[in-house]
Protein chains: 2
Amino acid sequence: MTDDYAALEREFAVFVRRARAASQRLSHGVHPGLDASAYGLLVRLRDQGPRRPSDVAEDLGVGKATITRQLKPLEALGLIERLPDPADGRAHLVALTEEGRRRMLQARAARSQRLRARLGAWPREDVHTLATLLARFNTITMD
Amino acid sequence: MTDDYAALEREFAVFVRRARAASQRLSHGVHPGLDASAYGLLVRLRDQGPRRPSDVAEDLGVGKATITRQLKPLEALGLIERLPDPADGRAHLVALTEEGRRRMLQARAARSQRLRARLGAWPREDVHTLATLLARFNTITMD
């Protein structure tokens, strides 16, 4: 039974590695030209509203050059836009556009479909059990 | 019952967000001065052996400036070392050191301890069930 812990640790690690590929697919669902970082960036702008690029970079723990490179395609695709910074005439903010919001919803719906398709062969009870146990785990790891 | 899918999707998202914090703790376990990217970088060097920094950057989908910034503290701490590149006298490879390997094992052991401590109050059967269902999920999502 001690091995159950080791097995769980291993499956968590596999899951996290797969999750990276999933976030790539999620970004591609927004637009095929985007890389894995795009979706998380859009989520942040959606949840936090218009922000300075330097603040977004700080939140994500990346450098200025990286955030500039990541924001560029999002702006070129019309998913985010620049707004003047009311607090500083020389600075600007970046914000999610309506088009960005629409495409995020689309990408999320596609992800839900993929998840449901993959779980199609599962007994509903197992889906319920996995969701319940994972919810309990997520709560206890809150520290 | 349809809501079980939505619940599972939500719990997966929470888990992945928490996993980011966990990889930060894992990196700190190697050395308190390291950021979240460090552990993954060390895993890569351990699994793939000595590599050119530019190849590591390409694998991870990051730029040259980023990989240089991420490798620097690992070298300063003696966790990785530079080796001459036998294929190109002007280039160098980076490789995990014995000290790096030792500290990775330490950090992993600490992570196992944290996981076991958190699951301490769980019935063993639930740990087993979660590991089993997650293993099944990890297998079907292989695409």
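What follows is calculated from the coordinates using simple rules that are stated; it is not laboratory data. All figures in this text were calculated on a predicted structure; none of them were measured in a lab. When we count neighbours, we look across all protein chains shown, and the Cβ atoms used for this are built from the backbone with ideal geometry, even at glycine.
Please compute the length gained on full extension between A:Arg20 and A:Arg136, using 0.36 nm multiplied by the number of residues separating them and subtracting their Cα-Cα distance.
39.5 nm
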Q) Relative contact order for chain A: what is it in percent, counting Cα pairs under 8 Å that are at least 6 residues apart? A) 20
Q: Quick one: among B:Ala131, B:Ala13, B:Ala36, which has the greatest mean-square fluctuation in a GNM of chain B with alpha-carbon springs under 10 angstrom?
A: B:Ala131
Q. With +1 on each Lys and Arg Cβ and -1 on each Asp and Glu Cβ, how big is the dipole of region B:3-140 about its Cα centre, in debye rounded to the nearest 20?
A. 460
Q. Using alpha-carbon positions, what is the distance between the centroids of region B:38-66 and region B:81-97, in Å?
A. 13
Q: Take every residue in peptide A:14-20, count the Cβ atoms of other chains within 10 Å of its Cβ, and give the average of those counts.
A: 6
Q. Toward the positive end of the charge dipole of region B:1-45, about the Cα centre and with charges on Cβ (Lys, Arg +1; Asp, Glu -1), which of B:Gly40, B:Phe15, B:Val30 goes farthest?
A. B:Val30
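What FRET efficiency comes out for the pair A:Lys64/A:Gln106, r = Cβ-Cβ distance, R0 = 30 Å, nearest 0.05?
0.50
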(Q) Just checking the output field for B:47-57: average partner chain Cβ neighbours within 10 Å of each residue's Cβ? (A) 0
Q. Taking the Cα atoms of region A:40-88 alone, what are Rg (to one decimal) and Dmax (as a whole number) in Å?
A. 10.4, 27
Q: Within a 10 angstrom radius of each residue's Cβ in A:121-130, how many Cβ atoms of other chains show up on average? Whole number is fine.
A: 5
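Where does the protein assembly as shown land at 222 nm, in deg cm²/dmol rounded to the nearest 500, when only DSSP H runs of n ≥ 4 count, each adding -39500 (n - 2.57), divided by all residues?
Result for the protein assembly as shown: -23000 deg cm²/dmol, rounded to the nearest 500.
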(Q) Among B:Ala110, B:Thr68, B:His128, whose Cα projects farthest towards the positive end of the dipole of chain B, with charges put on the beta-carbon of Lys, Arg (+1) and Asp, Glu (-1)? (A) B:Ala110
Q.
I want to make sure I understand the PRE zone here: with the label point 7 angstrom from the Cα of B:Arg52 toward its beta carbon, which residues in region B:59-82 have backbone N atoms less than 14 Å away?
A. B:59, B:64
Q. What does the charge add up to near B:Ala131, with Lys and Arg as +1, Asp and Glu as -1, over the other residues with Cβ less than 15 Å from its Cβ?
A. -1
